[in-house]
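Undergrad: Handing you this structure, nothing more for now.
The values are calculated or read from the model by the stated rules, or taken from the named source; none is laboratory data. Predicted model, so just to flag it, every value in this text is computed and none were measured. Cβ: placed from backbone, ideal geometry, glycine included. Neighbour counts: every protein chain shown. Ligands, DNA and RNA are excluded from the accessible area calculation, which covers all protein heavy atoms including side chains. Shrake-Rupley method; radii C 1.70, N 1.55, O 1.52, S 1.80 Å.
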Amino acid sequence: MLVKTYCAAVNGLNVSTVIIETSVERGQKVVLSGLGDEAVRESLSRVSTAFTYSGYKFPDKAITINLSPANIRKEGSGYDLPIAVGILAADEEMPDNHLHEYMLMGELGLDGTLKPIKGALPIAILARKEKYKGLIVPKENEREAAVVNNLEVYGMHSLSEVVMFLSDKLDASPVVFDTRKVFYEQQAKTDYDFADVKGQESVKRAMEIAAAGGHNMIMIGPPGSGKSMMAKRLPSILPPLSLSESLETTQIHSIAGKLGAEQSLIYQRPFRSPHHTISQVALCGGGANPQPGEISLAHNGVLFCDELPEFSKTTLEVLRQPLEDRKITISRAKYTIEYPCSFMFVASANPCPCGYYGDRLHTCVCTPGQISRYMSKISGPLLDRIDIHCEIQAVPFAQLSRMQPGEPSSVIRERVIAARKIQEERFKEYKGIHCNAMMTERMIHEFAEPDAQSLDMLRMAMEKLKLSARAYSRILKVARTIADLAGSEKVQSMHIAEAIGYRSLDRGDWAERGI
């Protein structure tokens, strides 16, 4: 007998329907075809043992299983459940009248229990799009899949439970999940707050500007000055995720298997902080079984690289194209996958190998040549994509000992949201542009053109401070954001002056002066 069960293949963010055709006839040979990887080919061993412990007999007949379409790669163990159900139905151990109504996904344990899979959310979105009545997944994936409205999602514990449900012997209820209610309830919660940060008002100001305009940022300062502490609090002042951004971000984390059993949506902007020993593949994604990298997991959030000069130079260089295009295309011999990666890049760095160049409390033992070589590990093209360079000093004891908290993140966030609304209105006719950091050269001339006085100031600064030519556009972008925060329609000289102060690493004499 020939039956069909339905599941899905996840390749990047592209999800395709897979039809598993199962034929059980007289004979002995077992064939599994359809471009499955090693985990798929091993599924028959897991299914056979799961049958035994679930009270079913594996057919002693010729079994032919085809995963169609055969030209799409199928990876992972999530095909165990539809294969098992297909074999039982083809062997007439269960009815097949409901199989066309449901999409099935799940890994089988040897005892017949269902184990969680990756990519439940994008699979659920596909099931609704293809107008299936429902989706059956392991119990651990039910909340994640139930985010999708207008689709019946059933979380099951075991193979026998799925068989009984499809045989009308079990009365199960679909998972009910109010996506919008839970999303807006959880949005206001933050793990970190700028109220905990004492002092460092200039750095907080720079972070507010970076958040308001979506600018990339680097902090340079000695150890213990609070670089990492403040970077962790940056997501708390960014505008809240919209529901569409949350769904897009959650899909990426779902594909990577980063969602827990109790987590259904990403409510807060991601903050990813990879260690400096990270490889190129782990950063940009890929691998034998392609997975999103850290830059894609930071989509719609923040990618923080602590101690930037300690990263491998070749690893850092892979950031250049994603920072520009806000997407990463991974091309290998067997596949080509594209992941979104629109993130704010924030980095920190010590000013020299010993870490104390320009520090008021410690003596630096590095020569100007050592300092220059250390900072030159950050290439010019990468630095060109960082709008704000912020120098930072350790907080004196007098400020640390004060008991009063700093300005809370909620207050700063309100100013950031107000500035972003101005930008959304400004760029409403430009597709894919929603903040000042994304402005093209033509848009800079249209929206951030300096007046005569500002232009003279900018010319003088570039000559005196030995600023590079690439700093010009960055200064105007940042100045436009400063003007938005101030509610100014025009970019004025005071905005240009503040923006010039955020180009420290462009100065030709950086390694020969104190911070």
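Undergrad: Relative contact order for the stretch 267-393: what is it in percent, counting Cα pairs under 8 Å that are at least 6 residues apart?
TA: Result for the stretch 267-393 is 23 percent.
Undergrad: Ignoring any ligand, DNA or RNA, what whole percent of the accessible area of the chain comes from carbon and sulfur when the probe is 1.4 angstrom?
TA: Result for the chain: 50 percent of the exposed heavy-atom area is carbon or sulfur.
Undergrad: Which translational diffusion coefficient, to the nearest whole µm²/s, is obtained for the stretch 56-109 from the Stokes-Einstein equation, given a Kirkwood hydrodynamic radius over C-alpha pairs, 37 °C and 0.692 mPa s?
TA: 264 µm²/s
Undergrad: Calculate the tail of P(r) for the stretch 354-461: the fraction of all Cα-Cα distances greater than 16 Å, expressed in %.
TA: Above the 16 Å cut-off, the stretch 354-461 has 79 percent of its Cα pairs.
Undergrad: Please provide three numbers in whole Å: the alpha-carbon extents of the stretch 162-242 along the principal axes, with the largest listed first.
TA: Extents along the principal axes: 67, 25, 23 Å.
Undergrad: While we're looking at this one, here's another question. List the lysines whose Cα sits under 24 Å from the Cα of K464, skipping any in the same chain fewer than 8 residues away.
TA: K477
Undergrad: Distances longer than 15 Å among the Cα atoms of the stretch 297-362: what percent of all pairs is that?
TA: Taking all Cα-Cα pairs of the stretch 297-362, the fraction more than 15 Å apart is 63 percent.
Undergrad: Oh, and also: Just the accessible area per residue of the stretch 286-443, please: how many Å² with a 1.4 Å probe?
TA: Normalised by residue count, the accessible surface of the stretch 286-443 is 48 Å².
Undergrad: Right, something else. Using the Kirkwood radius built from alpha carbon pairs, what does the Stokes-Einstein equation give as D for the stretch 81-151 at 37 °C and 0.692 mPa s, in µm² per second?
TA: 257 µm²/s
Undergrad: Quick one: P(r) of the stretch 97-188 from all Cα-Cα pairs, 10 Å bins, percents rounded to integers, in order of increasing distance.
TA: Pair shares across the bins are 17, 48, 28, 6, 1.
Undergrad: Greater than 28 Å separation of Cα atoms is the criterion. Which listed pairs, K334/K431; K118/K334; K4/K181; K232/K258; K232/K377; K431/K490, meet it?
TA: K334/K431; K4/K181
Undergrad: I would also like to ask the following. Binning at 10 Å from 0, report for the stretch 1-117 what percent of all alpha-carbon pair distances ends up in each bin.
TA: For the stretch 1-117, the binned pair fractions read 15, 50, 32, 3, 0 percent.
Undergrad: Further question on the same structure: How big is the gap, in Å, between the Cα center of the stretch 147-224 and the Cα center of the stretch 408-423?
TA: 20 Å
Undergrad: Let me ask something else about it. Starting from the Kirkwood radius over alpha-carbon pairs of the stretch 451-495, derive D by Stokes-Einstein at 20 °C in a medium of 1.002 mPa s and give it in µm² s⁻¹.
TA: After rounding, the answer is 197 µm²/s.
Undergrad: P(r) for the stretch 1-69, please, calculated from all Cα pair distances in 5 Å bins and given in %.
TA: 4, 14, 22, 26, 19, 9, 4, 2, 0
Undergrad: Quick one: ranking K74, K133 by accessible area, 1.4 Å probe, largest first, what do you get?
TA: Ranked from most to least accessible, the order is K133, K74.
Undergrad: What span do the alpha-carbon atoms of the chain cover on each of the three principal axes, reported in whole Å from largest to smallest?
TA: 88, 49, 45
Undergrad: Quick one: divide the alpha-carbon radius of gyration of the stretch 210-335 by 2.2 N^0.38 Å and tell me what you get.
TA: This ratio for the stretch 210-335 stands at 1.10.
Undergrad: Below 8 Å between Cα atoms, with a sequence gap of 6+, how large is the relative contact order for the stretch 244-326 in percent?
TA: Value for the stretch 244-326: 31 percent.
Undergrad: Hey, what did the chain get for relative contact order, percent, Cα under 8 Å, at least 6 apart?
TA: 13 percent
Undergrad: Roughly what angle does helix 120-129 make with the longest principal axis of the chain, taking Cα atoms, 0 to 90 degrees, to the nearest 10?
TA: In the chain, helix 120-129 runs at an angle near 70 degrees to the longest axis.
Undergrad: Using only Cα atoms, find the angle between the long axis of helix 409-426 and the longest principal axis of the chain, and express it within 0 to 90 degrees, rounded to the nearest 10.
TA: Tilt of helix 409-426: around 90 degrees.
Undergrad: Of H215, H157, which has the most accessible area and how do the rest follow, probe 1.4 Å?
TA: From most accessible down to least: H157, H215.
Undergrad: For the stretch 280-394, compute the orientation-averaged projected area of the C-alpha convex hull (one quarter of its surface), in nm².
TA: About 8.1 nm², averaged over all directions.
Undergrad: Can you give me the angle between helix 471-485 and the longest principal axis of the chain, using Cα atoms only, in degrees from 0 to 90, rounded to the nearest 10?
TA: It is inclined by approximately 80 degrees.
Undergrad: Under a Cβ-Cβ limit of 4.7 Å, which cysteines in the chain have nobody to pair with?
TA: For the chain, the answer is C7, C284, C305, C341, C354, C364, C390, C435, because their Cβ atoms have no other cysteine Cβ under 4.7 Å.
Undergrad: Ordering D306, D484 by accessible area with a probe of 1.4 Å, largest first, what comes out?
TA: Output order, biggest surface exposure first: D306, D484.
Undergrad: Rounded to the nearest 500, what is the chain's calculated 222 nm mean residue ellipticity when only DSSP H runs of at least 4 contribute -39500 (n - 2.57) each, over all residues?
TA: Mean residue ellipticity, 222 nm, calculated: -10000 deg cm²/dmol.
Undergrad: Any idea of K232's accessible area? Nearest 10 Å², probe 1.4 Å.
TA: Probe radius 1.4 Å; accessible area of K232 about 90 Å².
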